[in-house]
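These notes concern the structure reproduced below.
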Amino acid sequence: MSPEEFRGLFPALRSAVWLDTPGLPPGAAPVTEALHEAVSAWSSGEVDWLAWDAAAADARPLFARLIGADPATVSTLGSLAESAATVAGSLPRGRVVVAAEEFRSNLFPWLARHDVVAVPARDGATRVEDLVAALTGDTVLLAVSEVTSREGQRLDLAALREATDRVGARLFVNLTQSLGALRFDLAAVRPDYLAVHGYKWMLCPRGAAWLVTRPDRLGELTALAPSWKSTSPPHGYFGGPMRPAEDAGRCDTSPAWLSWIGARAALRLVGSLDAGRVERHCLGLARELTEQAASIGFRRVVSGPPSQIVVLRTENADRLAARLRARDIRATALGDRVRFGFHYFNDEDDVRTTLSVLAER
């Protein structure tokens, strides 16, 4: 599917320049149509709740195929925080290293259960070398995001995997701000745990998330909130002993049906795209905005490997955000910076329109 064909699936783009996917993407027609059909069936009384309930199970192999994982290693949950808390609760109390400026859903679950070493940012960014320096022989886990939400910084996961291997620590990787726009090589990084909340670049409704556990770590994984979904199918409802599933399904949470109906449709859409082409398109647009913005005085808040998220420093973030809104450009002001995110549906006209606003003084 070409970028132009993909763009045509988003009605919101007829009137808006949408560069706020790091916050929330616009609704894709296949996803919203699936939700409309479900709500219509609910309204008319033609709903089949068993069919609704099957959506999360249907989504599991779709996600596994997208990431290159065995479906038996994939748990279906409701958020990144639930994924992190599941891992945090599965490990004995120990020393966990995490960036001090990490998104709270990948910070607070570790603080609640472990002895956390929060690595401070330096010159406005979390440095890979500082994370590595914080690792010691008694570190049980390093938790990172491949792309950071606040800086648009892309961390070198291969270097962090090598560093955790040296000290015998586990690696937890959050792909919420990258998967769907950037490719991920599961075999190369070999994370012990990988988590994604699908409502950003994966185009899902909020409430559908995945936790992938490396096969050699499955034995230590325990459910955060055991429920009727914790056993192997077919799931029972009443009484009886608790016999958790032998695979990662034992950590499934009871699904929010509409979220998963939308997620299933979103995965079919995202899975139909050429991941390499998507990544090249997104990085190309981000590079163009970065270079052209630099020529008129705006700089990225971090240097280093680029991502599809461009965060520019400015002393007038709120005022700039207001000018962008006036031109129907969706972006996010974050204190001393403004954040832009490029998906496969964005195009060069979006870049030019944004630059015209940045150039206003």
Next item on the list: Averaged over every viewing direction, what's the projected area of the C-alpha convex hull for the stretch 1-72? Give it in nm², one decimal, please.
Entry: 7.1
Next item on the list: Step through the residues of the stretch 296-307 one at a time and calculate ³J(HN,Hα) from phi using the Karplus curve (6.51 cos²θ - 1.76 cosθ + 1.60, θ = phi - 60°), rounding each to whole Hz and writing x for Gly and Pro.
Entry: 10, x, 9, 10, 4, 6, 9, 9, x, x, x, 10
Checklist line | Dipole of the stretch 207-269 [Lys/Arg +1, Asp/Glu -1 at C-beta], most positive-end residue of 266, 224, 236 | finding: 266
Notebook entry, point to check: Residues of the stretch 88-111 with amide nitrogen under 20 Å from the 7 Å Cα-to-Cβ point of residue 133?
Noted result: 96-102
Next item on the list: Can you pull the one-decimal nm distance between simple spin-label points at residue 356 and residue 287, each 7 Å off the Cα toward Cβ?
Entry: 2.6
Notebook entry, point to check: In Å², what does the accessible area per residue of the chain work out to with a 1.4 Å probe?
Noted result: 43
Checklist line | Gained length - residue 328 relative to residue 299, 0.36 nm times residue gap less alpha-carbon distance | finding: 8.2 nm
Margin query: Against the 2.2 N^0.38 Å scaling, with N counting residues, where does the stretch 171-232 land? I'd like the Cα-based Rg ratio to two decimal places.
Written below: 1.24
Margin query: Need one number for the chain: average projected area of the convex hull over its C-alpha atoms, nm².
Written below: 18.6
Next item on the list: From the C-alpha gyration tensor of the stretch 280-330, pull out the three semi-axes of the equivalent ellipsoid (sqrt of 5λ each), sorted largest to smallest, in whole Å.
Entry: 20, 14, 9
Checklist line | FRET efficiency, 1/(1 + (r/R0)^6) with R0 35 Å, evaluated for residue 118 and residue 280 via beta carbons | finding: 0.50
Check: What length, rounded to one decimal in nm, is gained on full extension from residue 232 through to residue 167, with 0.36 nm per residue of separation minus their alpha-carbon distance?
Finding: 19.9 nm
Check: When Lys and Arg each count +1 and Asp and Glu each count -1, what net charge do the other residues less than 15 Å away from residue 10, Cβ to Cβ, add up to?
Finding: -4
Note to self: As I understand it, the dipole of the chain uses +1 on the Cβ of Lys and Arg and -1 on the Cβ of Asp and Glu, about the Cα centre. Which of 135, 320, 207 lies farthest toward its positive end?
What the structure shows: 320
Check: Measuring from centroid to centroid over Cα atoms, what is the spacing of the stretch 175-226 and the stretch 229-243 in Å?
Finding: 25
Notebook entry, point to check: On the accessible surface of the chain, probed at 1.4 Å, how many percent belong to carbon and sulfur atoms?
Noted result: 52
Next item on the list: Once every Cα of the stretch 102-241 carries one equal point scatterer and solvent is ignored, give the base-10 log of I(q)/I(0) from the Debye formula at q = 0.13 Å⁻¹, two decimals.
Entry: -0.64
Check: If you take the beta carbon distance between residue 158 and residue 13 as r and set R0 to 41 Å, what does 1/(1 + (r/R0)^6) give as a FRET efficiency, to the nearest 0.05?
Finding: 0.70
Margin query: Looking at the calculated P(r) for the stretch 232-361, what percent of the C-alpha pair distances fall above 22 Å?
Written below: 54
Item checked: Simple Cβ-charge dipole of the stretch 180-234, Lys/Arg +1 and Asp/Glu -1, about Cα centre, in debye nearest 20 -> 200
Check: In the stretch 120-210, which trypsin sites (Lys or Arg not before Pro) fall in coil by DSSP and have 14 or fewer other Cβ atoms within 10 Å?
Finding: 183
Note to self: For residue 170, what residues show an amide H to amide H distance below 5 Å, using hydrogens built from the backbone and excluding near sequence neighbours?
What the structure shows: 141, 142
Next item on the list: Pull up the DSSP beta bridges for the stretch 150-305 and report the antiparallel fraction as a percent, rounded to 5.
Entry: 60
Notebook entry, point to check: Can you give the helix-only mean residue ellipticity at 222 nm for the chain, where every DSSP H stretch with n ≥ 4 adds -39500 (n - 2.57) and the sum goes over all residues, rounded to the nearest 500 deg cm²/dmol?
Noted result: -11500 deg cm²/dmol
Check: Check residue 145: other-chain or 5+ apart residues with amide H under 5 Å from its amide H, H built from backbone geometry?
Finding: 174
Next item on the list: Quick one: dipole size for the stretch 28-148, taken about the Cα centre, charges +1 on Lys/Arg Cβ and -1 on Asp/Glu Cβ, in debye to the nearest 20.
Entry: 480
Check: GNM, the chain, Cα, under 10 Å: largest mean-square fluctuation among 84, 275, 158?
Finding: 158
Check: If you count the DSSP beta bridges with both ends in the stretch 30-166, what percent of them are antiparallel, to the nearest 5?
Finding: 20
Check: Counting only residues 5 or more places away or on other chains, whose amide H sits under 5 Å from the amide H of residue 18 once H atoms are built in the peptide plane?
Finding: 330
Next item on the list: Give me the net charge of residue 349's neighbourhood, meaning all other residues with Cβ under 12 Å from the Cβ of residue 349; Lys, Arg count +1, Asp, Glu -1.
Entry: -3
Next item on the list: Take the chain, connect every pair of alpha-carbon atoms lying under 10 Å apart with a spring to form a Gaussian network, then pick out the residue of 152, 198, 94 with the largest mean-square fluctuation.
Entry: 94
Margin query: If I build a Gaussian network model for the chain, linking alpha-carbon pairs within less than 10 angstrom, which residue out of 326, 181, 54 has the largest mean-square fluctuation?
Written below: 326
Check: On full extension of the chain, what length is gained from residue 36 through residue 100, given 0.36 nm per residue of separation minus the C-alpha to C-alpha distance?
Finding: 19.0 nm
Next item on the list: Nearest 5 is fine: what % of DSSP beta bridges in the chain come out antiparallel, could you say?
Entry: 50
Check: So what is the diffusion coefficient of the stretch 257-305 in µm² per second by Stokes-Einstein at 25 °C and 0.890 mPa s, using a Kirkwood Rh over Cα pairs?
Finding: 182
Next item on the list: Within the stretch 1-105, report the GluC sites (Glu not before Pro) that DSSP leaves as loop and that have at most 11 other Cβ atoms within 10 Å.
Entry: 46
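The values are calculated or read from the model by the stated rules, or taken from the named source; none is laboratory data. All values derive from a computational prediction rather than experimental measurement. Cβ atoms come from the backbone with ideal geometry, glycine included; neighbour counts cover every protein chain shown. Heads up: the accessible areas ignore ligands, DNA and RNA and are worked out on the full protein's heavy atoms, side chains in. Shrake-Rupley method; radii C 1.70, N 1.55, O 1.52, S 1.80 Å.
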